[in-house]
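Notes follow the structure.
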Amino acid sequence: MTALSSERLLLREFVEQDVASVHSYARDPEVVKYMPWGPNTENDSRDFIQRAVGYQLEQPRTHYELAVTLRGKGILIGGCGIRVTNPDLREGNFGYCLNKQYWGNGYATEVAETLLEFGFGTKKLHRIYATCDPENHASRRVLEKNGLTREGHLRENLIIRDVWRDGLVYAILDREWRANP
């Protein structure tokens, strides 16, 4: 797969040398507050990179974990992923996580936009969804800015650091995405 690019970002395959950059944000309790993983140990971050590199060998490929980098600078500022969850129904989901040093700049919105373009354009998906914690207002705004509709509220569907957490489900259909570029 070649990298995906947007105005300010390049989403590229993870490589083994990304462990330290990933660990710099994946170990931060504030960054992973709403994630079902983390804060990472160095081994956790290394294992993640190994899994991400392993996904690159899938045939057919259904799982893309990508490094979010600043275009032209190569600085890794986070990670994102899009997965084909049901090939028969052409359904997928996506997510993102950024180093808090880069929050508030619209990068997550740009990442989501780029992943949707890849999912609907290249992968020809029909429906793409994302989930987020109801208290994660920034992520909710990112999803809504990208045209996703809130479809549901899942009660206590995840355990995050020994606490039951709710989840919101947002989704967008290919025809909705094409109607609002």
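Scanning segment 94-104 finds no residues that are of a type outside the set (D, E, K, R), in contact (Cβ under 8 Å) with a residue 40 or more places away in the chain and over 20 Å from residue 30 (Cα atoms).
Specify the residue that is surrounded by the most Cβ atoms within 10 Å (Cβ to Cβ); the eligible residues are those in segment 124-181 that are part of a loop (DSSP other than H, G, I, E, B) and among the acidic types (Asp, Glu).
Applying the first criterion (part of a loop (DSSP other than H, G, I, E, B)) to segment 124-181 yields 124-126, 133-136, 146-148, 161-162, 180-181.
Keeping just the survivors that are among the acidic types (Asp, Glu) gives 133, 135, 162.
Values: 133: 18, 135: 12, 162: 5.
The selected residue is 133.
Here the strands (runs of 3 or more DSSP E) wholly within segment 1-101 that include at least 1 residues being under 24 Å from residue 174 (Cβ atoms) and of a type in the set (A, V, I, L, M) are 9-13, 63-70, 76-86.
Regarding residue 68, is this residue over 26 Å from residue 167 (Cα atoms) and surrounded by 14 or more Cβ atoms within 10 Å (Cβ to Cβ)? Spelling it out, it is not the case that residue 68 is over 26 Å from residue 167 (Cα atoms) and surrounded by 14 or more Cβ atoms within 10 Å (Cβ to Cβ). Look at (1) in a loop (DSSP other than H, G, I, E, B); (2) under 16 Å from the mean Cα position of the chain (by Cα) and you find that residue 105 fails only one, number (2). For segment 108-123, residues that are over 13 Å from the mean Cα position of the chain (by Cα) and either among the hydroxyl-bearing types (Ser, Thr, Tyr) or in a strand (DSSP E or B) (or both) total 1.
Is it the case, given these coordinates, that residue 90 is modelled with pLDDT of 95 or more, more than 22 Å from residue 137 (Cα to Cα), surrounded by 13 or more Cβ atoms within 10 Å (Cβ to Cβ) and touching a His at 6+ places or on another chain (Cβ under 6 Å)?
Numbers: modelled with pLDDT of 95 or more: yes; more than 22 Å from residue 137 (Cα to Cα): yes; surrounded by 13 or more Cβ atoms within 10 Å (Cβ to Cβ): yes; touching a His at 6+ places or on another chain (Cβ under 6 Å): yes.
Yes: the conditions hold for residue 90.
Taking only segment 137-171 into account, find how many residues are of a type outside the set (D, E, K, R) and within 14 Å of residue 109 (Cβ to Cβ). I'd like the intermediate steps shown before the answer.
So in segment 137-171, the residues of a type outside the set (D, E, K, R) come out as 137-139, 142-143, 146-149, 152-154, 157-160, 163-164, 167-171.
Going one step further and asking which of them are within 14 Å of residue 109 (Cβ to Cβ), we end up with 137-139, 142-143, 146-148, 170.
Number of matching residues: 9.
Residue 37 falls short on exactly one of the conditions (1) over 20 Å from residue 130 (Cβ atoms); (2) among the hydrophobic types (A, V, I, L, M, F, W, C); (3) within 17 Å of the chain's Cα centre (by Cα), and that condition is (1). Of all residue pairs spaced 6 or more apart or on separate chains, those with beta-carbon atoms under 6 Å, a first member in segment 136-150 that is free of Cβ contacts under 8 Å to residues at least 40 places away in the same chain and a second member that is exposed (fewer than 13 other Cβ atoms within 10 Å of the Cβ) are 147/180.
Within segment 27-41, the only residue that satisfies the criterion of being hydroxyl-bearing (Ser, Thr, Tyr) and farther than 14 Å from residue 100 by Cα is 41. A single member of 96, 107 is aromatic (Phe, Trp, Tyr), buried (at least 20 other Cβ atoms within 10 Å of the Cβ) and under 13 Å from residue 10 (Cβ atoms), and it is 107.
The values are calculated or read from the model by the stated rules, or taken from the named source; none is laboratory data. Note that the structure is a prediction, hence the values are computed from the model and not measured. FYI the Cβ positions are ideal-geometry reconstructions off the backbone, even for glycines, and counts take in every protein chain you see.
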